[in-house]
Amino acid sequence: MMRRVPFVLSAVVLVLIAAAIVAWPRAEQVPARSPEAWAASPRNIARGAYLARAGDCAACHTARGGVAYAGGRAIDTPFGRLTAPNITPDLDTGIGAWSADDFWNALHNGVGRDGRLLYPAFPYPNYTKVTRDDADALYAYLRSLPPARQPKQPHLLRFPYDSQAALAAWRLLYFKPGVFESQPARGTDWNRGAYLVEGLGHCAACHSPRNRLGASAAGLAGGLMPAQGWYAPALASRDPHLAQLLQSGVSPSAAVAGPMAEVVRQSLQHLSAQDISAMRAYLHSLPVKPEAPRPAPFASDAVLKLGGAIYARHCADCHGKDGRGALDAAGAPAYPPLAGNTTVTLRDPVNAIRIVLNGGFAPATAGNPRPYGMPPYSPVLSDDEVAAVLSYVRASWGNGARAVRPAEVNAYRAVPLD
C-alpha cells in the first residue's frame, strides 16, 4: 500500500497539469471606449471613488490600522491564509505599472498582470459582471491615490491549493467570465440593483452556500462563513425596512452586527438613496424560500427557567420583558426586538452566540450616529448560561427555534473577531 502513495500523488499532479492546460484562461477582452474613460479627470476619479465604496474594496485591501488600499490584510479560508495585495499606484509593490487593460483583466478574468491566476478570495466570479466603463473609473480612482510602498505578503495555502494547476482546474469547473446582462423588462431599478448586488457588491461571496472546494452556489440563500465564524443569512426579503437597515445598520425590526456592520459602515451607508432603493427592489424580487418546519424546542424546563432568570437579569431592561426591543428618545431604533428576529431564530445559532459572547454593536452611520451597543457577556456567563439564555429567547414570544447546546457556545468562545 505504501508504494502506491507516490503513484497516486503523481497521478493527481498529472491530472492537475492536464486540467491546467485545458482550462488556462483565454482572456475575454472588452476594450475601453477611449483613453478618456480611465483618464485622471475629476469626474472619473469621483465616479471611481463611489464605485470603490460600493464594492467595499478597502475592506480587504487595508490592514487594520494600515494605509488605505495598501494591502496586507489576512484573509483566512478553509484552504489556508491569503493576504490582500497593495492596490495603491506604487510602481514596485502596487499597481503603478498596471495599464487599464491589466486592471480590467484582473477584475473581469481573474488574471494578474504577470499572467498568474488570481485566487477567488478576490471575488472576480462577481466582479466579472462589472462593466468596462466602471472598471476604468475604478482604475482612475486607484491611480489617483498616494502611492504606498508595501510589498506583497506570500499566501500560506496547503497543497494542492497553492498550485496554479489546481486553480486552473477550479476555474474550469466554476468560473466563466461575462459582463452583466440587463433585463429591460424588469425596469431600471431592478437592473441597477441586480448589478450592484450580483456584481460590484459581490454579496454572493458571503451570502451564498459554498461547496467543499469553495465554489459559491447560485442564488443568495445564505451560508456559513467558516473561517470567520458567522452565518450570512439569505438575502431574499420582504422586510419593508430593508432599505433603512442597509443604509443605517438599524431598523425597527433588526440591527446588523459582525462583518455586515463593517460592510454598512464602510460601504452601504455611502451609497445614494437611489442605489439603496434599487438594491431593495432586486432583493424584494427574489423568491423567499419557506423554511422546513423547525423542530420543536427541546430545552428542558430547568434550562428554560435558568435562561429566563438570566434574561430578566441581563437582557430585559434593553430588549424588553416581551422581547420587543426599544426606541430611543427620538423614536429611532435603539435595541432590536428579539421576538421574530431572524438572527435569533436562524437554524444555526452561531450569530446569536457570537453576539452574546462578544457583544453586539451596530455601525456608526449617518442614519445612526450614536449607536447603542450590547456588552460582551463571555466574561460573565458560562457556556451553560449562554446556551440557557439563548434557548429561552429562541423558544419565547413565538420564536419556536431549537435549543442551543453548551458545546456550540464553547466552539465559538475562542474564535477571534477578525
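The values are calculated or read from the model by the stated rules, or taken from the named source; none is laboratory data. Predicted model only: the values in this text are computed from it and were never measured. Virtual Cβ from ideal backbone geometry, glycine too; neighbours counted across all protein chains shown.
Each row is one residue, and each column tells you yes or no for (1) among the basic types (Lys, Arg); (2) within 30 Å of residue 68 (Cα to Cα).
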position: 254; (1), (2): no, no
position: 257; (1), (2): no, yes
position: 262; (1), (2): no, yes
position: 265; (1), (2): yes, yes
position: 303; (1), (2): no, no
position: 308; (1), (2): no, no
position: 332; (1), (2): no, no
position: 341; (1), (2): no, no
position: 346; (1), (2): no, no
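Could you please let me know if residue 75 is assigned to a loop (DSSP other than H, G, I, E, B) and either acidic (Asp, Glu) or touching a helix residue (DSSP H, G or I) at 6+ places or on another chain (Cβ under 9 Å) (or both)?
Details: assigned to a loop (DSSP other than H, G, I, E, B): no; either acidic (Asp, Glu) or touching a helix residue (DSSP H, G or I) at 6+ places or on another chain (Cβ under 9 Å) (or both): yes.
No; evaluated as a whole, the condition is false for this residue.
Among 218, 227, which is part of a loop (DSSP other than H, G, I, E, B) and over 22 Å from residue 54 (Cα atoms)?
Numbers: 218 fails: over 22 Å from residue 54 (Cα atoms).
Of 218, 227, the one residue that is part of a loop (DSSP other than H, G, I, E, B) and over 22 Å from residue 54 (Cα atoms) is 227.
Assuming residue 199 fulfils every condition listed in (1) at pLDDT 95 or above; (2) part of a loop (DSSP other than H, G, I, E, B); (3) at negative phi; (4) not hydrophobic (A, V, I, L, M, F, W, C) apart from one, which condition is it?
Result: residue 199 passes all but (2).
Identify all residues within the range 393-409 that are more than 16 Å from residue 350 (Cβ to Cβ), out of contact with any Asp or Glu (no Cβ under 7 Å at 6 or more places or on another chain) and either free of Cβ contacts under 8 Å to residues at least 60 places away in the same chain or not aliphatic (A, V, I, L, M) (or both); write none if there are none.
Narrowing the range 393-409 to residues more than 16 Å from residue 350 (Cβ to Cβ): 395-400.
Filter once more, so that each one left must be out of contact with any Asp or Glu (no Cβ under 7 Å at 6 or more places or on another chain): 395-396, 398-400.
Result: 396, 398, 399, 400.
Among the candidates 167, 138, 142, 107, single out the residue that is part of a helix (DSSP H, G or I), free of Cβ contacts under 8 Å to residues at least 40 places away in the same chain and either closer than 25 Å to residue 215 by Cβ or out of contact with any strand residue (DSSP E or B) (no Cβ under 8 Å at 6 or more places or on another chain) (or both).
Details: 167 fails: free of Cβ contacts under 8 Å to residues at least 40 places away in the same chain; 138 fails: free of Cβ contacts under 8 Å to residues at least 40 places away in the same chain; 142 fails: free of Cβ contacts under 8 Å to residues at least 40 places away in the same chain.
107 is the lone residue from the list that is part of a helix (DSSP H, G or I), free of Cβ contacts under 8 Å to residues at least 40 places away in the same chain and either closer than 25 Å to residue 215 by Cβ or out of contact with any strand residue (DSSP E or B) (no Cβ under 8 Å at 6 or more places or on another chain) (or both).
So, of the residues in the range 78-93 that are assigned to a loop (DSSP other than H, G, I, E, B) and out of contact with any Lys or Arg (no Cβ under 8 Å at 6 or more places or on another chain), which turns out to be surrounded by the most Cβ atoms within 10 Å (Cβ to Cβ)? Outline the logic, then answer.
Step one: list which residues in the range 78-93 are assigned to a loop (DSSP other than H, G, I, E, B), which gives 78-79, 84-93.
Those left that are additionally out of contact with any Lys or Arg (no Cβ under 8 Å at 6 or more places or on another chain): 78, 87-88, 91.
Numbers: 78: 12, 87: 27, 88: 23, 91: 11.
Of everything passing the filter in the range 78-93, 87 is surrounded by the most Cβ atoms within 10 Å (Cβ to Cβ).
For the range 59-71, what are the residues that are surrounded by 17 or more Cβ atoms within 10 Å (Cβ to Cβ) and within 22 Å of residue 261 (Cβ to Cβ)?
As a first pass, look at the range 59-71 and keep what is surrounded by 17 or more Cβ atoms within 10 Å (Cβ to Cβ): 60-63, 67, 69-71.
Answer for the range 59-71, where residues must be surrounded by 17 or more Cβ atoms within 10 Å (Cβ to Cβ) and within 22 Å of residue 261 (Cβ to Cβ): 60, 61, 62, 63, 69.
Against the conditions (1) buried (at least 17 other Cβ atoms within 10 Å of the Cβ); (2) more than 16 Å from residue 241 (Cα to Cα), where does residue 329 fall short? Just the number, please.
With (1) buried (at least 17 other Cβ atoms within 10 Å of the Cβ); (2) more than 16 Å from residue 241 (Cα to Cα) applied to residue 329, the lone miss is (1).
Among the residues of the range 384-404, write down those that are of a type outside the set (Gly, Ala, Ser) and more than 29 Å from the chain's Cα centre (by Cα). First the steps, then the outcome.
Going residue by residue through the range 384-404, those that are of a type outside the set (Gly, Ala, Ser) are 384-386, 389-390, 392-394, 397, 399, 402, 404.
The answer is 384, 385, 392, 397.
For the list (1) at pLDDT 95 or above; (2) farther than 20 Å from residue 233 by Cβ, I need the number of the one condition that residue 353 fails.
Of the numbered conditions (1) at pLDDT 95 or above; (2) farther than 20 Å from residue 233 by Cβ, the odd one out for residue 353 is (2).
Scanning for something in a helix (DSSP H, G or I), closer than 11 Å to residue 393 by Cβ and not assigned by TED's automatic domain parsing to the domain that holds residue 257, does the range 331-344 turn up at least one residue? Even if it seems obvious, please write down each step before you answer.
So in the range 331-344, the residues in a helix (DSSP H, G or I) come out as 342-344.
Remaining after also requiring closer than 11 Å to residue 393 by Cβ: 343-344.
This time we only want the ones that are not assigned by TED's automatic domain parsing to the domain that holds residue 257, so: 343-344.
Within the range 331-344, one or more residues are in a helix (DSSP H, G or I), closer than 11 Å to residue 393 by Cβ and not assigned by TED's automatic domain parsing to the domain that holds residue 257.
Evaluate the following for residue 156: is it surrounded by fewer than 17 Cβ atoms within 10 Å (Cβ to Cβ) and either basic (Lys, Arg) or touching a residue at least 24 places away in the same chain (Cβ under 8 Å) (or both)?
Values: surrounded by fewer than 17 Cβ atoms within 10 Å (Cβ to Cβ): yes; either basic (Lys, Arg) or touching a residue at least 24 places away in the same chain (Cβ under 8 Å) (or both): yes.
When the stated conditions are applied, residue 156 passes them.
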